[in-house]
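As structure tokens, the structure follows; a few thoughts come after it.
The values are calculated or read from the model by the stated rules, or taken from the named source; none is laboratory data. Every value quoted in this text rests on a predicted model; they were computed, and no experiment measured them. Positions of Cβ are backbone-derived with ideal geometry, glycine not excepted, and every protein chain shown enters the neighbour counts. When the accessible area is computed, the model is the full protein with side chains, heavy atoms only, and any ligands, DNA or RNA have been set aside. Shrake-Rupley method; radii C 1.70, N 1.55, O 1.52, S 1.80 Å.
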Amino acid sequence: MTRDPETAARLKALRADLQPELVRLERRALLRSGLSLGALTLLTGCDLSTGSNGTLADRMLWAMSRFNDRVQGWLFDPTKLAPTYPASMIDTPFRFNAYYPPDNIPEVEGADWKLEVSGLVADKTPWTLEKLRALPQESQITRHVCIEGWSQIGQWSGVPLKTFLERVGADLTAKYVGFKCADRYYGSLDMPSALHPQTVLALDFAGKELSPEYGYPLRVRVPTKLGFKSPKYIGSVFVTNDYPGGYWEDQGYNWFSGI
Ligand SMILES: Nc1nc2c(c(=O)[nH]1)N[C@H]1C(S)=C(S)[C@@H](COP(=O)(O)O)O[C@H]1N2
Ligand SMILES: [Mo]
């Protein structure tokens, strides 16, 4: 945009005055959207942390609007299915991420493990790995997008969460499905996202049983949402009408974080 030098100078001075307020607004907008600068950079293809075009607040607002449009075609397809990829595009090695370093990865003993089921469900019998493997399985190659600003393509297989919820006689009109993990992580999904055809209780990663870093023995995988909506090491699933929140959501990240 071209402006006469006088107007440009006035705007520049005004911006300098407003700068602290803009920075505060921007922080709030980032928290609300559930995205870091890194994630916005990734999703918009616009590097927000460097460059001289406009203030950081300008660049961020622009990127936010671009994010809304672009993400429709990439992470959140208009058909509401996350894009899938050929096996040749799988990223190896796949990145580990958690709120702690790899030394603290929980080691779960699969033979003793049981998935507890509670809340608004008819059958609360815990599930073993063997029983889960006997249910219909689904495999998908999708992109995992982390809020911290990286994404990778991986292959997850397991039981569609919908199949599982139907099997336990869950109240499918309830609002939320919550998960508790072997670490201190926890999370929840709205029921429509829990019933989404691509949402799975993953037992396998890259065609093999999940390894400890990727969530052994069971993790949720929701390709239509940001990575933090896919809890690993789950030990308990519950159906409820009371908002369960989540580890990052309770610290300000956007709960929905997807379509
Ligand atoms: N139990 C548990 N699940 C978790 C997390 C965690 O810290 N603990 N981190 C989340 C985040 S932010 C991301 S990006 C993904 C990382 O999954 P990966 O290690 O398979 O890449 O797991 C999600 N699920
Ligand atoms: Mo993440």
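Descending by average beta-carbon neighbour count within 10 Å, the peptides 164-171, 105-112 line up as 164-171, 105-112, the highest first.
Under a 1.4 Å probe, what is the accessible area of segment 185-232 per residue, stated in Å²?
Per-residue accessible area for segment 185-232 comes out at 24 Å².
Pairs from the list 124/208; 131/162; 124/162; 114/175; 124/229; 124/225 with a Cα-Cα gap above 22 Å: 124/208; 114/175; 124/229; 124/225.
Here the 3J(HN,Hα) profile of segment 98-114, calculated from phi with Karplus coefficients 6.51, -1.76 and 1.60 at θ = phi - 60°, is 6, 7, 9, x, x, 4, 9, 4, x, 9, 9, 8, x, 5, 8, 5, 9 Hz, Gly and Pro shown as x.
Note on residue 243: accessible area is roughly 110 Å² with a 1.4 Å probe, heavy atoms of protein only. Per-residue SASA remark: residue 162, around 90 Å² accessible (1.4 Å probe; ligands, DNA and RNA not included). Of the residues 229, 124, ranked by 1.4 Å probe accessible area with the largest first, the sequence reads 124, 229. Residues whose amide H falls under 5 Å from that of residue 183, counting only those 5 or more places apart or on a different chain, are absent, with hydrogens built in the peptide plane.
Taking only the C-alpha atoms of segment 87-251, Rg followed by Dmax gives 14.7, 42 Å.
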